[in-house]
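Read-outs: derived from the displayed coordinates by stated rules, not from any lab. If you're wondering where the values come from, they're calculated on a predicted model, not measured in any experiment. Quick reminder, even Gly has a Cβ in these numbers, built from the backbone with ideal geometry, and neighbours come from all protein chains shown.
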Amino acid sequence: MNTSSFQSELMKMQNVMLNFAYTLTHNSDDAQDLLQDTMLKVISSEDKYTANTNFKGWVLTIMRNIFINNHRKMSRMATVHDTSDNDYVLNVVCTDMTAESPEDCYSTSEIQQAIDELDEIYRVPFVMLVSGYKYNEIAEEMNIPVGTIKSRIFYVRQQLQVRFADHR
């Protein structure tokens with residue numbers, strides 16, 4: 001494929017690329033930026049394209065890889081490591097600043113009370129899981145499908161997260 005036909009094929013794909021970029025970014029400005037980055041990368045990588053292969057797939061793969069790389073780069077940049085000695089923390093209900101889990105902020109009785117207040121159909125599988133049983137063992141013991149057990153345990157976790165939301 002010569003350079004002019006390569007570029008004309010790329011220009012024909014611009015709307016498809018923009019739509020795909022929008023599905024990745026969910027933001028029109030970011031989609032435009034991703035489209036531009038992809039166009040530059042594709043044009044600079046023209047010599048790496050193998051003729052008579054899936055051009056659209058090749059271009060959209062480049063776009064997806066650029067999106068993933070940018071996303072990873074942004075998440076690394078957004079991570080803040082505060083090594084200062086300033087112990088100023090806002091909106092923290094827990095008085096123990098070194099707490100890594102709700103168990104460090106709440107007494108065992110408060111956590112146990114929250115679990116005890118759950119309906120039995122939710123409490124029993126959750127307690128069994130915390131006690132070391134596996135999902136399939138709980139399902140066999142209770143004679144309930146594994147999917148139901150997983151759903152009930154998920155529900156309990158959601159309820160406990162809401163109950164102890166001030167920990168975060």
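Applying the Karplus relation 6.51 cos²θ - 1.76 cosθ + 1.60 with θ = phi - 60° to the range 47-60 yields 3J(HN,Hα) values of 5, 8, 6, 8, 4, 6, 10, 6, 5, 4, x, 5, 5, 5 Hz, where x marks Gly and Pro.
In sequence order, the range 123-134 has phi-based couplings of 5, 4, x, 5, 5, 5, 5, 5, 6, x, 5, 8 Hz under the Karplus curve 6.51 cos²θ - 1.76 cosθ + 1.60, θ = phi - 60°, and Gly or Pro positions carry x.
The Cβ shell under 15 Å around I43 holds other residues with a net charge of -1, Lys and Arg each +1, Asp and Glu each -1. Here the peptides 9-22, 110-123 are ranked by packing, the mean other Cβ count within 10 Å, and the order with the highest first is 9-22, 110-123.
Here K48 is the anchor, and the lysines within straight C-alpha reach of less than 28 Å, apart from those fewer than 8 places off in the same chain, are K12, K56, K73.
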